[in-house]
1. How many residues, within segment 1-60, are free of Cβ contacts under 8 Å to residues at least 12 places away in the same chain and among the charged types (D, E, K, R)?
2. Output the residues belonging to segment 1-37 that are buried (at least 19 other Cβ atoms within 10 Å of the Cβ), in contact with a strand residue (DSSP E or B) (Cβ under 9 Å, 6 or more places away or on another chain) and of a type in the set (Gly, Ala, Ser).
3. Hey, GLY148 hits all of (1) modelled with pLDDT under 65; (2) at negative phi; (3) surrounded by 12 or more Cβ atoms within 10 Å (Cβ to Cβ); (4) not basic (Lys, Arg) but one; which does it fall short on?
4. I'd like to know if segment 12-19 contains one or more residues that are at pLDDT below 90 and not in a helix (DSSP H, G or I).
5. Picking from TYR128, TYR82, which residue would you name as being among the hydroxyl-bearing types (Ser, Thr, Tyr) and at pLDDT 95 or above?
6. Are any residues in segment 42-80 out of contact with any helix residue (DSSP H, G or I) (no Cβ under 9 Å at 6 or more places or on another chain) and part of a strand (DSSP E or B), and if so, which ones?
7. Only residues that are charged (D, E, K, R), closer than 22 Å to ASP122 by Cα and surrounded by fewer than 18 Cβ atoms within 10 Å (Cβ to Cβ): list them for segment 54-105, please.
Amino acid sequence: MDDPASDAARLRKLGLRATGPRLALLTVLERVGGHRSADELVAELRQAGYPHARTTVYNALDDLTRAGLIHAAPVAAGALRYEADLSPHQHFVCTQCGLIRNMVAVVEPLEGLPSVEGARIDLVDVVYRGVCAACLASANGPERRPQGGEVEAGTSPAPSH
């Protein structure tokens, strides 16, 4: 998704206008990788020369998520984390340092779900919480990671960020 022309074509194919904020978000998410909050993306956009208003960025993130072009992961309390990785995966979050890792989807989340009377379940998010290897090995307490965590190579067949 790092070619603005192909991103524009994909947006139009999905019935969305290829606006500057949408194209900029796709480009920045692909570049920064990982799991980023909306506020982190606003800062990244501004640093890259895209001074879009926070509300515009939130609206564009909602549009891109609904269109299936990015994934919104509910891994952090009170804030979604956005990522460009659309492969089937689940998440591990270190409760000590905040690392977020993509994990191989162990189970198909929609299989064997209880029924909800009068409703249809479309999505199940699985988040594993625990302590990462670096924090377990650290004698000086938890390792500090950049906000948004990092995806460690080799933890998933999903493309790494």
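1. Count: 5.
2. GLY34
3. Looking at each condition in turn, GLY148 falls short on (2).
4. no
5. On inspection, the qualifying residue turns out to be TYR82.
6. Hits for segment 42-80 are ALA73, PRO74, VAL75, ALA76.
7. Within segment 54-105, the first condition is being charged (D, E, K, R), and the residues that meet it are 54, 62-63, 66, 81, 83, 85, 101.
Subsequent filtering for residues that are closer than 22 Å to ASP122 by Cα retains 62-63, 66, 81, 83, 85.
If the condition is that a residue be charged (D, E, K, R), closer than 22 Å to ASP122 by Cα and surrounded by fewer than 18 Cβ atoms within 10 Å (Cβ to Cβ), then ASP62, ARG66 are the ones that fit.
The values are calculated or read from the model by the stated rules, or taken from the named source; none is laboratory data. The structure displayed is predicted, hence computed values, not measured ones. Glycine gets a Cβ as well: all are built from the backbone with ideal geometry, and neighbour counts include every protein chain shown.
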